[in-house]
Structures are given as C-alpha cells and as structure tokens.
Amino acid sequence: MSTTQPPEVIYVDSHKVGCNGGGGALGHPMVYLELGQDGEVECGYCDRKFVHKDHAHEYADPSPRPENH
C-alpha cells in the first residue's frame with residue numbers, strides 16, 4: 001500500500017471498476033481494475049483510489065483534513 005495520499009478516493013458498489021482518469025482528453029486509456037480482498041485498488045495511471053462501499057468504514061485517510069467549524 002502506498003503512503004502517498006491518492007489524488008481522489010472514489011467509493012463504489014462493484015468489485016470491478018473502469019478508470020480513464022476522468023479528464024477527457026487529459027485523462028488516460030480506459031483500464032479495468034478489480035478490487036482486492038481489502039476492498040480497494042489504485043489506478044496505475046492516475047493513482048485514483050477505488051474503495052468498495054462495504055469497506056469504506058475501514059479506509060482511514062492518511063492525511064486528516066481540518067474540520068470546518
């Protein structure tokens with residue numbers, strides 16, 4: 001598992017996902033990824049992290065954000 005913060009975490013309800021970088025012409029080729037036993041996978045192109053919604057409570061963001069008051 002990477003110690004670098006992913007640029008985006010996407011919660012999904014499937015164990016197979018497709019990623020194209022989400023940037024249109026600035027994206028990357030469509031790749032299909034399968035979530036592992038831990039319910040997550042990172043895209044090798046754009047580092048987006050996909051987390052299955054059933055494992056969302058297990059995912060701890062390694063860099064906490066300031067709370068809004």
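What the table below lists for this structure:
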item	result
Selection within segment 36-47 - touching a strand residue (DSSP E or B) at 6+ places or on another chain (Cβ under 6 Å) and over 10 Å from H15 (Cβ atoms)	E40, E42, C43
Selection count where residues are outside any helix (DSSP H, G or I) and either touching a helix residue (DSSP H, G or I) at 6+ places or on another chain (Cβ under 6 Å) or modelled with pLDDT of 80 or more (or both), scope segment 18-69	31
Residue satisfying all of: in segment 20-60; open to solvent by 80 Å² or more (accessible area, probe 1.4 Å) and free of Cβ contacts under 8 Å to residues at least 12 places away in the same chain; nearest to P7 (Cα to Cα) among these	L26
Residue under evaluation Y11, criteria (1) surrounded by 11 or more Cβ atoms within 10 Å (Cβ to Cβ); (2) at pLDDT below 90, criterion not met	(2)
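The values are calculated or read from the model by the stated rules, or taken from the named source; none is laboratory data. Every value quoted in this text rests on a predicted model; they were computed, and no experiment measured them. Because the Cβ atoms are built from the backbone with ideal geometry, glycine has one as well, and the counts that use them run over all protein chains shown. Only protein heavy atoms, including side chains, enter the accessible area calculation; ligands, DNA and RNA are left aside. Shrake-Rupley method; radii C 1.70, N 1.55, O 1.52, S 1.80 Å.
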